Amino acid sequence: MRLKVKIFIQQILVFLFLLGLLPAHAFVHRHRFVIKEAPYSKLCSSKNILTVNGQFPGPVIYANTGDTLVVNVQNDGTQNITIHWHGVKQPRYPWSDGPEFITQCPIRPGTNFSQRINLSDEEGTLWWHAHSDWSRATVNGALIIRPANKTNYPFPRPTAEIPIILGEWWKSDVQAVVNEFLTSGADANKSDAFLINGQPGDLYPCSTNDTFKLTVEKNKTYLLRIVNAVMNNLMFFSVANHQLTVVGTDGAYVKPFKSNYITISPGETIDVLLEANQNPNHYYMGAKAYNSVVGVDFNNITTTAIVQYRGNYSTSSPPILPDLPNFDDTNASFNFTRSLKSLADKGHPIDVPLNVTTNLLFTFSVNTLPCEDESCSGPNGDRFAASVNNISFVLPRIDILEAYYKNIQGVYRDEFPSFPPLNFNFTGDSLPVELQRPDRRTEVHVLEYGTHVEIVLQGTSLLGGVDHPIHLHGYSFYVVGSGFGNFDKDKDPLNYNLVDPPLQNTIAVVRNGWAAIRFKADNPGVWFMHCHLERHVSWGMEMAFIVKDGKGSEEKLLPPPPDMPQC
Ligand code: C2O
Ligand code: CU
């Protein structure tokens, strides 16, 4: 009798599940990531690069909203590594977040670590990448999160979905590039190419045969899921003769709008619809660097891929190149970023904190520090450094999360200041770089559980000023305002967008300007915040938050898994 009841209940559950009445939460996807060197014999030369499963870009991971991923990362390489799930909030579980010496010790060669990634409300495109030294140059891939069962896209269903991963390429070994620039104290060597799905395209030698090609059918619509995995540049991207309809960013939907180009920061993802509504032909899609720093040598080659219409027709030769903004067009970049707005409709409500309880103002500066040797190759024989509120972050030897969880003293200090230590005209003309020499420290900022936080991210013009794509782990935040110059705490909040601000995990703070972000500190743990320009990270433009446990049982950090890598 009891067995019958059990079977009956099971049948009802299966029935409800099929009806889509139960959330599809329980879905667990298992993957194995083998980190290993693999030959990459393209681009006129062959070299070994660090990969996941021998692929570059790495495997695309698919999931639905609310699913769980279990990724067993096996390090078969020769260097330490960690893997970060960029844009995944990892509720109460920073143990799988990945930044080296922030939430975990590295996965050493010959060892493995099984990362459990619980998706929550993320929907759209995110990505994963290595989060130790510069290995993310080749260790990265897309993470595509489709709507959960029975819910749909808030736009017409596309014919196909195509990951477009923008990358950056050095002919020499990336590790050698880092080592050199860290010893010399100079800026990093400029890269040799930018890439679309692993290839620079026709404007670069030896790439033509392998250039990425997207075949389209006239009058069909394609969803391009664009990831900026570039190391050191914001990028402009467009498709010749086609308008793009922007529909999402950073794993959240936006109000659709049309644009001839997009700007995308390192770390950011943007979803666009491409309507194949032009004359059958072949067209280039292209991306090039947006570079606002004056006097810095940068790679200004456009990377291309091909959009090819199916059918018989005579093609123009070569394909038509897209019109991209000038490399230094700050307004083009800023205006695009400013036009992102949350969908903010019934199915996608927003939850922006209206009563802020914690106000923070962080300055982001490029600085110099004295050279330890005779002379370095940075400005005036010094070495480059970078800072947040004049602290140039030093990575500890034991990860901060472990030190916090186990109460290990002496690993970090918890006095990261709420405001810059010196008030100056942050974006003034020709500030002397000696105005601020940063301290080198491992300093965290503690947030009480449930506080409503606003951070004004303020760029400074020390050494000229540059855009900083600031990324926060463990949260998405609402970008409620942004502008040029110094943030004005009396005037600027009057113009905040509290109606449909975009929900992002990375925001480009415009050159010599600011951005204001808000979030509820409801995810306990240790969460890294940093500029996503890799050379700025190496110089110290980062800090970490500790968000304390709340009172409720659902408001506390979960315990670590048994196989956490050891230092
Ligand atoms: Cu995309 Cu801390 O990283
Ligand atoms: Cu930066």
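The values are calculated or read from the model by the stated rules, or taken from the named source; none is laboratory data. What you see is a predicted model; the values in this text were computed from it and never measured. Note: ideal-geometry Cβ built from the backbone for every residue, glycine included; neighbour counts use all protein chains shown.
Among the residues of region 157-170, is any within 28 Å of residue 217 (Cα to Cα), among the acidic types (Asp, Glu) and surrounded by 15 or more Cβ atoms within 10 Å (Cβ to Cβ)? Checked against the condition, which is being within 28 Å of residue 217 (Cα to Cα), among the acidic types (Asp, Glu) and surrounded by 15 or more Cβ atoms within 10 Å (Cβ to Cβ), region 157-170 yields at least one hit. Taken residue by residue, region 274-297 has no member that is within 16 Å of ligand 1 (Cβ to nearest atom), of a type in the set (Gly, Ala, Ser) and either within 24 Å of residue 507 (Cβ to Cβ) or touching a Cys at 6+ places or on another chain (Cβ under 7 Å) (or both). Does residue 403 meet the test of being modelled with pLDDT of 95 or more and under 24 Å from the mean Cα position of the chain (by Cα)? Here the answer is no, as residue 403 does not meet what is asked.
Scanning region 487-510 for residues that are crowded, with 22+ Cβ neighbours inside 10 Å and more than 21 Å from residue 447 (Cβ to Cβ) gives 502, 508, 510. The residues of region 302-330 that are in a loop (DSSP other than H, G, I, E, B) and β-branched (Val, Ile, Thr), listed by number, are 302, 315.
Exactly one residue out of 474, 459 is more than 16 Å from ligand 1 (Cβ to nearest atom) and either touching a strand residue (DSSP E or B) at 6+ places or on another chain (Cβ under 9 Å) or touching a residue at least 40 places away in the same chain (Cβ under 8 Å) (or both): that is 459. More than 16 Å from ligand 1 (Cβ to nearest atom), free of Cβ contacts under 8 Å to residues at least 24 places away in the same chain and within 30 Å of residue 295 (Cβ to Cβ): is that true of residue 438 in this structure? So residue 438 does not fit the description; no.
In this entry, residue 162 passes the filter for residues that are more than 16 Å from ligand 1 (Cβ to nearest atom), of a type in the set (A, V, I, L, M) and part of a strand (DSSP E or B). Residues that are within 16 Å of ligand 2 (Cβ to nearest atom) and among the polar types (S, T, N, Q) number at least 3 in the following strands (runs of 3 or more DSSP E) confined to region 354-431: 358-369.
When each of 99, 163, 156, 147 is tested for being within 16 Å of the chain's Cα centre (by Cα) and more than 27 Å from residue 544 (Cα to Cα), the lone residue that passes is 163. Looking at this structure, is residue 155 aromatic (Phe, Trp, Tyr), more than 21 Å from residue 561 (Cβ to Cβ) and in a loop (DSSP other than H, G, I, E, B)? So residue 155 passes the test.
The condition (being modelled with pLDDT of 95 or more, on the phi < 0 side of the Ramachandran plot and within 16 Å of ligand 2 (Cβ to nearest atom)) is satisfied by just one residue among 564, 543: 543.
Evaluated against (1) modelled with pLDDT under 95; (2) under 30 Å from residue 551 (Cβ atoms), residue 121 falls short on exactly one condition, (1). Among the residues of region 361-413, the ones that are out of contact with any Phe, Trp or Tyr (no Cβ under 9 Å at 6 or more places or on another chain), surrounded by fewer than 16 Cβ atoms within 10 Å (Cβ to Cβ) and under 24 Å from residue 94 (Cα atoms) come to 7 in all.
In this structure, does residue 278 turn out to be in a loop (DSSP other than H, G, I, E, B) and modelled with pLDDT of 95 or more? Yes. Within region 78-107, if we keep just the residues that are free of Cβ contacts under 8 Å to residues at least 60 places away in the same chain and surrounded by fewer than 20 Cβ atoms within 10 Å (Cβ to Cβ), the residue that is farthest from ligand 1 (Cβ to nearest atom) turns out to be 78.
Scanning region 165-208 for residues that are among the aliphatic types (A, V, I, L, M) and assigned to a helix (DSSP H, G or I) gives 174, 176, 177, 178, 182. When the criteria are applied in full, residue 298 meets the requirement of being of a type in the set (Phe, Trp, Tyr) and either within 16 Å of ligand 2 (Cβ to nearest atom) or closer than 30 Å to residue 122 by Cα (or both).
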